[in-house]
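Below is one structure, written out as structure tokens; comments come after it.
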Amino acid sequence: MGYEGALSLLQGLLRQCDGSSGRLALVEGGLASGKTYLLHQFSRYAVETGALLLSGTASRAEQSVPLGVVDQLFRGADLVDALPERAARLIGSADAGDRDGGWSDPLAEPDARSGWMREFCGVLLGLARERTLVIVIDDLQFADSASLRLLLSLQRRMDAARMLLVLGKWHRRRPTLPLFYTELTRQPHESIRLSALTVPDIADLLTGKWGKTAPESVAEEYHELTNGNPLLVHALLDDNASDAGIEDGATPVVGDGYAHAVLAGLHRWDAQLLDVAAAAAVLNERSDPALIGRLLGMRNETAEEIVGILTEAGVLRDCRMRHPLGATTVLENMTPAERSAVHVRAADLLHQQGAPAAEAGRHLLNAEQVPADWAVGVLRTAADQALAADDPGLAVRCLELALSGCTDRKERIAIMHALTGALWRRNPSATLAYLPCLQGAVQDGELHGPDAAAVIRYSLWNGDEDAAARAATALGASADPIDAQTAAELAVSFHWFLGPARGRLSEFGPSGTTHPRDLWADAAQRLTSLWGRGGGEAATTSAEHILRSCQIGETPLEVVAAAVLAVQRGNKPELARTWCDRLMRQAAERGEVTWQAVLSSLAGSIAYRRGDLVNAIRHAEQALALLPEKGWGVLIGQPRATLIVARTARGELREAAEVLQAPVPDSMFGTVFSLPYLRARGQFHLATDRVLAAGRDFQLCGRLMREWDVDVPALIPWRSDLAEVNLRLGRSVEARDLLTQQLERARAADVRVRGISLRVLAAASEPAQRPTLLRQSVECLQAADDRLELSRSLTAFSVVRQQLGEFDRARVLARRAAQVAQAGTTGPAVPAGGDRPVEPPALVGRWHDREKEGRHVLSEAERRVAKLAALGHTNREISQTLYITVSTVDQHLTRVYRKLGITRRTDLPAEHELRKRLSESRGEGATTGLLHAGQDWEELAG
């Protein structure tokens, strides 16, 4: 029955009492069902009609006080002074009987001491003769035994009295006083069972609150959150202070009012309800009556009944807290010790039931306890599952707790190793707290194989070369040698950090002849040639196979990074960039922050070597943002170096200086990562005219490279840098010597190094030699796909043409230099893993409409003419070069202009743009070179 119907029924019963006919009404309601509110409202109505009201509320606290409820009836009522005194005397008599043990059974037959009961009944019946008497008692389930006996006695005598007895009690499947209620209901009575609010009821409440009709969908949302519980519904109404909450499709705000209402409702009833709600909040998805019963030491029937009460009250749904805020509120109401104890019991139960370790582990984490040895195993398994699910943060929490509760040394080392691996995935510097112990474990032979190799790699990352060397020596001398693949990967790691000279520390047993040849080990071993010989075709091929077969988080990061570099140095910068993007996406999906940071740093380095300064800066800054400064260890030299050289090349000297001012670890200068940093600092000094400071950095860079046996121009072309310093100081001979050495050391495939060297050599050579050297420089840098260095060589070539009086060709070269430079210095950056950088709109914007229509596709003859025209050749020169007439050249150019949507010769795109657009239109993909080397530049050079 709803509230309005119940109130109307009680009012009708009151009117019937006027005819000298006693009435009994039993009002039942679930948790926070509005029963008390109903009784209060009816009590007010009864007083307004002139009835005499006696009311009281039983409570658990006064359940042992004889006639405690009856005492309330006579206090605060509108009675003559003598009656309260008389009631107090009778209550005293009853109290004396209780002390003698007379009230153990409310249904016991009256004895000689029950005279007070007849006298009490006489008092009440006497009041009913004067005017209608209404007695309202709430929460009868908590009433004391003496009061219950008095009520039964009064009921037997009230048939002819103008009296209405209204008793409110909980509705439970199993009544708390079954014999009492059986006796009470033997006589005629009205039974009122309050029901929850329906969706229309809630819609009416919403409409009444906001003055406009609430959509049914909103009322349904309220009902879904509360199951129609009046207390919770009204709390939600208070949480939603604006009528915007009743717009169609709006979701009600669940706030503090709802949270307080949940807690208030639970506190009103038996303490067991709060315990069950807390257990459901703790167990969450695993919650069911049987498990709750076991968790609380409660009978299954009792747990089922209370779950049913809480479900009906809108607190639970499917044995789980109906809303997360309710669960949070209930748990926060417990003391930390209580919460911890429940979580420990839950973990133990789930472990016994064979639940996944992650579930039991979650409870142990919440308890912040390791109660027994079984918990250590659960936490380790939970950590493994978290890592498999790419959640290293959860794995770290599980392993830290397991370590705190583990006393076995062997197991502690295993946990510590797993913990450092999980920590390294997100912040390598976090491993420092555990490294000394693990390094000792490797040296003592307590860690073997890949586990020991990982400790060595962590040591190298954090700049502890001595500890890495000692651990490697101990591992090599171990009676249990590691497999060939692990040995080869460790060799790559040593080379990655220290170069070939000190990288030989890792050449111990497994790389010898005691193991059969291993395909992966062979591929990894070839990568080490990057540092000693600059790589080669074999290294590039092996690198591509490794990249196709590697697994993020399983293959050592140094091996994967070395493979990307090998692809780049094999003159495949676009492929290297593609691999970086792909691996970064995979690392992000798996939560591998350290991998993301290193790969982003590599992407920045690759972008810089292609002359893409915008994305070089973007990737380097992104890399540095992913890890704390200390987390980079010695590797911080790489992204910092990229930022410095890219900012310097863009003329952003203040920003570059800020990067240089940031400290770097001293241990970095003992690794190969100091080399790009020293070169970057030298280039900054050169750009700011601190020539001697630049020379000092370049000389130190060269000395270290020679000492570490990494004097490979493809890694750091320090000789051309130092040659520029010598030119600034007027030392042309020394500059030429350095450049000659660099050209001799560079492999034929090192076209970028050759292009840079030839440009600087041209500046150090006689004027007559410069055009040839610059032509060769441009050819090499076109093939290298380095826009920055190409623009520098084109600029130098333009200056030489101008000095020779060839002003038209000088202007064409200068314009091409500006276009190429602009593509790298002002082109828009793109997100990691996105498409290639878009060329500057000024160069290609007018092509787009034509391209969409497919009308820009040039014939081979038109392309040849357009290419030479773009390079500055006159129509006559083109006709002589291609052996066609001037008229034919004119016709071809007219069609080229129309197809490309341009109107003049100077709007012709550079050849690399032209070839890219043509190849894309044919579905061939973008090409990697900037221009064809050979005939075109021979013609231009004259």
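The values are calculated or read from the model by the stated rules, or taken from the named source; none is laboratory data. Bear in mind the structure is a predicted one, so any value in this text is a computation, not a measurement. With ideal geometry, Cβ positions are generated from the backbone for all residues, glycine too; neighbour counts draw on all protein chains shown. Surface areas here come from the heavy atoms of the whole protein model, side chains and all, with no ligands, DNA or RNA. Shrake-Rupley method; radii C 1.70, N 1.55, O 1.52, S 1.80 Å.
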Seminar exercise, completed: Given the candidates Ala235, Ala203, Ser217, the one whose Cα lies deepest towards the positive end of the charge dipole of the stretch 199-253, counting +1 at each Lys or Arg C-beta and -1 at each Asp or Glu C-beta, is Ala235
Exercise. What full-extension length gain, to one decimal in nm, is calculated for Ala264 and Glu707 as 0.36 nm per residue of separation minus the Cα-Cα distance?
Worked result: 151.9 nm
For this session: Compute the distance in nm between two label points, each set 7 Å from the Cα along the Cα-to-Cβ direction, one at Gln741 and one at Arg815.
Result: 4.3
Exercise. Expressed as a whole percent, how much of the Cα-Cα distance distribution for the stretch 199-253 exceeds 18 Å?
Worked result: 12
Exercise. Fully extended, how many nm does the chain gain between Gln63 and Arg898 (0.36 nm per residue separation, minus their Cα-Cα distance)?
Worked result: 290.5 nm
Problem set entry | Nearest-0.05 FRET efficiency for Ala538 and Asp890, computed from C-beta distance (R0 56 Å) | 0.60
Exercise. Taking the Cα-to-Cβ direction at Tyr45 and at Asp373 and moving 7 Å from each Cα, how far apart do the two end points lie in nm?
Worked result: 7.0
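Please pull out the direction-averaged projected area of the stretch 856-910, using the convex hull of its alpha-carbon atoms, in nm² to one decimal place. Mind dumping the intermediate values first?
Working: hull surface 12.8 nm².
For the stretch 856-910, the mean projected area of the Cα convex hull comes to 3.2 nm².
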Exercise. For the residue pair Asp466 and Asn284, what label-to-label distance in nm results when each label sits 7 Å from Cα along the Cα-to-beta-carbon direction?
Worked result: 4.7
Seminar exercise, completed: Once the mean of 1/r over all distinct C-alpha pairs in the stretch 256-334 is inverted, the Kirkwood radius in Å reads 12.0
Problem set entry | Calculated [θ] (222 nm, deg cm²/dmol) that DSSP helices of n ≥ 4 give over the chain, each run adding -39,500 (n - 2.57) | -20000 deg cm²/dmol
For this session: Report Rg(Cα)/(2.2 N^0.38 Å) for the chain, keeping two decimals.
Result: 1.48
For this session: State the Cα centre-to-centre distance between the stretch 252-319 and the stretch 185-225 in whole Å.
Result: 22
Seminar exercise, completed: To the nearest 20 debye, the chain has a Cα-centred charge dipole, built from +1 on Lys and Arg Cβ and -1 on Asp and Glu Cβ, of 3680
Seminar exercise, completed: In the chain the accessible area split gives carbon plus sulfur, as whole percent at 1.4 Å, a share of 49
Exercise. So what are the three principal axis dimensions of the stretch 373-413 from its Cα atoms, in whole Å, longest to shortest?
Worked result: 28, 15, 14
Problem set entry | Lys pairs under 20 Å by Cα in the chain, provided they are eight or more residues apart or on distinct chains | 7
For this session: May I ask you to give the solvent-accessible area per residue for the chain, in square angstrom, as obtained with a 1.4 angstrom probe?
Result: 42
Exercise. Computed over the Cα atoms of the stretch 717-825, what is the convex hull's projected area averaged over all directions, in nm²?
Worked result: 6.5
